[in-house]
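Asker: Structure incoming, see below.
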Amino acid sequence: MSQTITEKILARAAGQNSVKPGENIWVNTDILLTHDICGPGTIEVFKREFGINAKVWDPEKVIIIPDHYIYTKDEKAQRNINSLRKFVKEQGLKYYYDPGTPTYKGVCHVALPQEGHVRPGEVIFGTDSHTCTHGALGAFATGIGNTDAGFVMGTGKLLIKVPPTLRFNLNGKLPAYVTGKDIILRIIGDIGVDGANYCAMEFRGTAIEQLNIEERMTICNMAIEAGGKNGIIEPDDKTLDYIRARTKKSFEVVKSDPNAKISKDFNYDVSSFVPCVAQPHLPSNYAPAKDKGNVKLDSAYIGSCTGGKITDFIMAAKIIKGHKVRINTYLVPATEKVAEGLATEMIDGKSLASIFEEAGCLEIAQPSCAACLGGPIDTFGRTSGKEIVISTTNRNFVGRMGSKDAPIYLASPLTVAASAIEGKITDPRKFM
Amino acid sequence: MGNDNSIIIGKVYILDDNIDTDLIIPAEYLNLVPTIPDEYRKLGSYALSGLPNNYARFIKDWQVTSEYSVIVAGKNFGCGSSREHAVTALAAAGIKAVVAESYARIFFRNAVATGELYPMESEKTLRNAFKLGTQIEVNTNKGTITDIASQKVFKLKPLGAVGPVVAAGGIFGYARATGMISKKK
């Protein structure tokens, strides 16, 4: 039977030859990812259900990456990290990246692939909705709650429904001013915030082939903003080069069968795409950046799992170089490695960090989720009043970055950088 | 969630489409751990505190739970984050069932997996069928929501494939009932 990449991965994980959309199956988990805001609750569910002396199903497959509330004086946030440390020690977990130590990484969805924990064909569950990021490397990856995660922790298994596949065929020559973010915001604008509810979103075509791995991650990261269960891209040579540079573990490349049944095809010619924004308060409120030039801004934010990778900062720096920003411009590298890259990556002999500094951006923050989701009151970059923000993050819900009265525009690093220079929403082609 | 809870009587709170998890429980409260009883109650006291100020208060000043027992909402209820705190906060505030036109997948899944509240789907939008605070009865077995004063009855969709999981009280109860994991000692 012909199957999609998503179906083939799930069939293997269920020990079946094939699966069909709608079928409920128990799957074996390759990786369970958790962090500081859902980890403590997950651990308590695990202990409540399996006993206080229970052991996790596999200490090498439970990966804990604290990232949300790291640089805060909030006592409960610190208590939560301590409870993770205690659990890691007691369980002998192999992969834990401890804040305040050299092992600290930063945002889990950038750290997980960076550290070689994402491999094609595997099943990844994470206690975070943006776990769908990892489909960019050809894995099945989806977000779950604490209770389901507690179940996985004890058994390595989870009961899931096989999703139907929506296939996005993205072809044509990709203009330099169109990024992964512009592609996914356009798609979400077209299908809506529930347009892919319960579905697998499979991205393919010559435009996807042109994108580097981090840009593919930006696209899969936001599958959840259309309600998708997972986003996925078939591995190619770029994928394999990326993975082999990071892990020696073996894996099996899975691809869709040629005649696999697709629930719906969406065909795009990306050469017609333009730099865009998602207007408040939904990621689906699409508008071309050039049509929103009358929107004055108070701050710009570059960071998060979807918009704080090194390629995001390189894109922003290319625009900002030689200009001054007119508004508060917050820079939050996703991981320590991205932070290092800001010092070592050069454009015309200048580091990204010095380009941003000379442009008048605020001092580069330490890696974490920071203000992408508001967080504790003392979080770097958190909105507190009526400021209008343009951001490379993934959600612009009311109050998402802290203040209910601070509207958020989502955009690519190119558009955010151009807008920071002008102090209003600006199409980056002006600086290209 | 046993059968004894299949009838829910109380006041209804009305919401729109796309009620996201940041509206349900703003991220600043995610330092609270739902399994700690005192923090469970606190999460409840912050339920729907992310709503813009033009909404009717879900929880009155100086109260920690809501006067409402059921939420009637539009499409895509609970979109956004996988935070189980969203389901927990509503349940801790006193919500027994949500009746929405549709759900975002993870919220629905978390409601089923935890057994904290019934995620029922209406056949068409019921946002205009009731006024804020209308006394209603939800029968989760029969799949109905009734305006108690007028006795007008609206059909709800059956829970379908997740019905057995809900009936077993969540993912753990279901896995134990079907022999997937051993009984709790």
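The values are calculated or read from the model by the stated rules, or taken from the named source; none is laboratory data. Bear in mind that the values here come from a model prediction, so they are computed numbers and not experimental data. So basically every Cβ, Gly included, is an ideal-geometry build from the backbone, and we count neighbours across all protein chains shown.
Asker: Specify which of the listed residues (A:E363, A:E387) is more than 21 Å from A:A287 (Cα to Cα), in a loop (DSSP other than H, G, I, E, B) and charged (D, E, K, R).
Answerer: Selected residue: A:E363, the only one of A:E363, A:E387 that is more than 21 Å from A:A287 (Cα to Cα), in a loop (DSSP other than H, G, I, E, B) and charged (D, E, K, R).
Asker: A:Y69 - would you say it is more than 14 Å from every other protein chain (Cβ to nearest Cβ), among the aromatic types (F, W, Y) and not in a strand (DSSP E or B)?
Answerer: No; evaluated as a whole, the condition is false for this residue.
Asker: Out of A:V45, A:V27, report the one residue that is touching a Ser or Thr at 6+ places or on another chain (Cβ under 6 Å) and of a type in the set (A, V, I, L, M, F, W, C).
Answerer: So the residue among A:V45, A:V27 that is touching a Ser or Thr at 6+ places or on another chain (Cβ under 6 Å) and of a type in the set (A, V, I, L, M, F, W, C) is A:V45.
Asker: How many residues, within the range A:298-326, are in contact with a Pro (Cβ under 7 Å, 6 or more places away or on another chain) and among the β-branched types (V, I, T)?
Answerer: Matching residues across the range A:298-326 total 2.
Asker: State the number of residues belonging to the range A:374-432 that are in contact with a Pro (Cβ under 9 Å, 6 or more places away or on another chain), within 14 Å of chain B (Cβ to nearest Cβ) and closer than 23 Å to A:I310 by Cβ.
Answerer: So the answer is 3.
Asker: If I filter the range B:1-34 down to residues being modelled with pLDDT of 95 or more and hydroxyl-bearing (S, T, Y), which single residue comes out as surrounded by the most Cβ atoms within 10 Å (Cβ to Cβ)?
Answerer: B:T21
Asker: Just wondering, is there one or more residues in the range A:340-348 that are under 19 Å from the mean Cα position of the chain (by Cα), buried (at least 18 other Cβ atoms within 10 Å of the Cβ) and either over 27 Å from A:G227 (Cα atoms) or within 14 Å of chain B (Cβ to nearest Cβ) (or both)?
Answerer: Yes, because at least one residue in the range A:340-348 is under 19 Å from the mean Cα position of the chain (by Cα), buried (at least 18 other Cβ atoms within 10 Å of the Cβ) and either over 27 Å from A:G227 (Cα atoms) or within 14 Å of chain B (Cβ to nearest Cβ) (or both).
Asker: Here is a further query. If a residue must be crowded, with 16+ Cβ neighbours inside 10 Å, of a type in the set (S, T, N, Q) and either closer than 30 Å to B:F108 by Cβ or free of Cβ contacts under 8 Å to residues at least 60 places away in the same chain (or both), how many such residues does the range A:226-278 contain?
Answerer: Matching residues across the range A:226-278 total 2.
Asker: Just for the range B:96-128: of the residues that are within 11 Å of another protein chain (Cβ to nearest Cβ) and among the basic types (K, R), which one is farthest from the chain's Cα centre (by Cα)?
Answerer: B:R105
Asker: To continue, here is another question. In the set A:S419, A:S368, which member is part of a helix (DSSP H, G or I) and in contact (Cβ under 8 Å) with a residue 40 or more places away in the chain?
Answerer: Selected residue: A:S419, the only one of A:S419, A:S368 that is part of a helix (DSSP H, G or I) and in contact (Cβ under 8 Å) with a residue 40 or more places away in the chain.
Asker: Just give me the residues in the range A:63-89 being acidic (D, E) and either under 21 Å from A:L112 (Cβ atoms) or in contact with a Lys or Arg (Cβ under 9 Å, 6 or more places away or on another chain) (or both), in sequence order.
Answerer: Hit for the range A:63-89 is A:D67, nothing else.
Asker: Could you tell me whether A:E234 is away from chain B (no Cβ under 14 Å), assigned to a helix (DSSP H, G or I) and touching an Asp or Glu at 6+ places or on another chain (Cβ under 9 Å)?
Answerer: Criteria not met by A:E234.
Asker: Check A:S2, A:S18 and return the single one that is in contact with a Pro (Cβ under 8 Å, 6 or more places away or on another chain) and small (G, A, S).
Answerer: Among A:S2, A:S18, only A:S2 is in contact with a Pro (Cβ under 8 Å, 6 or more places away or on another chain) and small (G, A, S).
Asker: Ok, one more. If you go through the range A:36-58, how many residues are in a loop (DSSP other than H, G, I, E, B) and touching a strand residue (DSSP E or B) at 6+ places or on another chain (Cβ under 7 Å)?
Answerer: 1
Asker: Can you spot a residue in the range B:141-148 that is among the hydrophobic types (A, V, I, L, M, F, W, C) and loosely packed, with under 14 Cβ neighbours inside 10 Å?
Answerer: Yes, the range B:141-148 contains a residue that is among the hydrophobic types (A, V, I, L, M, F, W, C) and loosely packed, with under 14 Cβ neighbours inside 10 Å.
Asker: Testing A:T101 on (1) among the polar types (S, T, N, Q); (2) part of a loop (DSSP other than H, G, I, E, B); (3) touching a residue at least 60 places away in the same chain (Cβ under 8 Å), one condition comes back false. Which one is that?
Answerer: Going through the list (1) among the polar types (S, T, N, Q); (2) part of a loop (DSSP other than H, G, I, E, B); (3) touching a residue at least 60 places away in the same chain (Cβ under 8 Å), A:T101 breaks only (3).
Asker: Give the residues of the range B:131-185 that are among the aliphatic types (A, V, I, L, M) and either within 10 Å of another protein chain (Cβ to nearest Cβ) or touching a helix residue (DSSP H, G or I) at 6+ places or on another chain (Cβ under 9 Å) (or both), sorted by residue number.
Answerer: Passing the criteria: B:L159, B:A161, B:V162, B:V165, B:V166, B:A167, B:A168, B:I171, B:A175, B:A177, B:M180, B:I181.
Asker: Name every residue in the range A:326-355 that is touching a residue at least 12 places away in the same chain (Cβ under 8 Å) and assigned to a strand (DSSP E or B), in order of residue number.
Answerer: If the condition is that a residue be touching a residue at least 12 places away in the same chain (Cβ under 8 Å) and assigned to a strand (DSSP E or B), then A:N328, A:T329, A:Y330, A:L331, A:V332, A:T335, A:I347, A:K350 are the ones that fit.
A quick yes/no check of all residues on (1) within 14 Å of another protein chain (Cβ to nearest Cβ); (2) closer than 29 Å to B:Y174 by Cβ:
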residue: A:E7; (1), (2): no, yes
residue: A:N28; (1), (2): yes, yes
residue: A:G39; (1), (2): yes, yes
residue: A:K94; (1), (2): no, no
